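Enquirer: The structure follows.
The values are calculated or read from the model by the stated rules, or taken from the named source; none is laboratory data. Only a predicted model underlies this, so the values are computations on that prediction, with no experimental measurement involved. Using ideal geometry, Cβ is built from the backbone for each residue, glycine included, and neighbour counts are taken over all protein chains shown.
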Amino acid sequence: MNSQTVELKRIMKDDYNYKEAIKTLRTNIQFCGNSIHVVMFTSAMPDEGKSDVSFALAESLSQIGKKTLMVDADIRKSVLVSRYQLNHEVNGLSQYLSGQKSLEESIYQTNVENLNVMFAGPYSPNPAELLEEELCGKMFRELREKYDYIIVDTPPMANLIDGAIVARHCDGAVMVIESGAISYHLEQKVKSQLEKTGCRILGAVLNKVDVHGEKYYGKYGKYGRYGKYKKYDSY
């Protein structure tokens, strides 16, 4: 474990509906079974809110005493360092997978009790190749022995293979869908990619829902065709 503690200045949104939605997501993840420990979050396109949702879930799990690790696996375009206002350089996944840093040097304690973080690390020109390395599988095997839950934030899957590579090391996947913004056929493409990896699809988070708007239930109804998914709302 890196001896340096990282202070995260921007944690879960101070919004009652959002917090309750995250608690519901947390409960549903727990009810997926004792075999679910490594959960990846993905989306079809950027800016659907998967990074916020995945981090909020990791924080929520840590609040009930679960030893939790948040892994930022978006080596191409990570937002975690800037989003949580870190003012110093940190090691990360790309450095571990390329052999520059040890696993212990790449994981940080945070100011949130029970929550550790592995950042993405510096941009890599060949992220898919790095994630294909045997070191990636070795890493997840070792981490399973140390944490109750590992939450993995992966890149959008509509046009990138990275998420499908990471999925092979995960027990389950959650798709984050921006309400009213993403087509059914695009989501089916992502669903199909996940199914080919053999990773169990745990459900979908319908994100950025205007619960006060007149069209809320209409928008939610659009996703009724995802009949095989559990559906969680995150506001």
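Enquirer: Does any residue of segment 202-211 turn out to be surrounded by fewer than 16 Cβ atoms within 10 Å (Cβ to Cβ), at pLDDT 90 or above and not in a helix (DSSP H, G or I)?
Expert: No, that holds for no residue.
Enquirer: Which residue pairs have Cβ atoms closer than 9 Å, lie 6 or more positions apart in sequence or on different chains, and pair a first residue in segment 18-46 that is under 23 Å from Gln193 (Cα atoms) and charged (D, E, K, R) with a second residue that is surrounded by fewer than 17 Cβ atoms within 10 Å (Cβ to Cβ) and modelled with pLDDT under 95?
Expert: Every condition considered, no pair remains.
Enquirer: Since Arg76 meets every condition but one in (1) surrounded by fewer than 21 Cβ atoms within 10 Å (Cβ to Cβ); (2) touching a Phe, Trp or Tyr at 6+ places or on another chain (Cβ under 8 Å); (3) outside any loop (DSSP other than H, G, I, E, B), which condition does it not meet?
Expert: Of everything listed in (1) surrounded by fewer than 21 Cβ atoms within 10 Å (Cβ to Cβ); (2) touching a Phe, Trp or Tyr at 6+ places or on another chain (Cβ under 8 Å); (3) outside any loop (DSSP other than H, G, I, E, B), Arg76 misses just condition (3).
Enquirer: I'd like the residue in segment 162-197 that is farther than 23 Å from Ala120 by Cα and crowded, with 20+ Cβ neighbours inside 10 Å and, out of all such residues, is modelled with the highest pLDDT.
Expert: My answer is Glu187.
Enquirer: Of everything in segment 67-90 that's of a type in the set (D, E, K, R) and more than 13 Å from Phe55 (Cβ to Cβ), which residue is modelled with the lowest pLDDT?
Expert: Lys77
Enquirer: Any idea which residue in segment 21-65 is modelled with the lowest pLDDT, counting only those that are among the hydroxyl-bearing types (Ser, Thr, Tyr) and part of a helix (DSSP H, G or I)?
Expert: Ser51
Enquirer: Moving on to the next point. Going through segment 127-142 one residue at a time, which ones are among the charged types (D, E, K, R) and in contact with a His (Cβ under 9 Å, 6 or more places away or on another chain)?
Expert: Hit for segment 127-142 is Arg141, nothing else.
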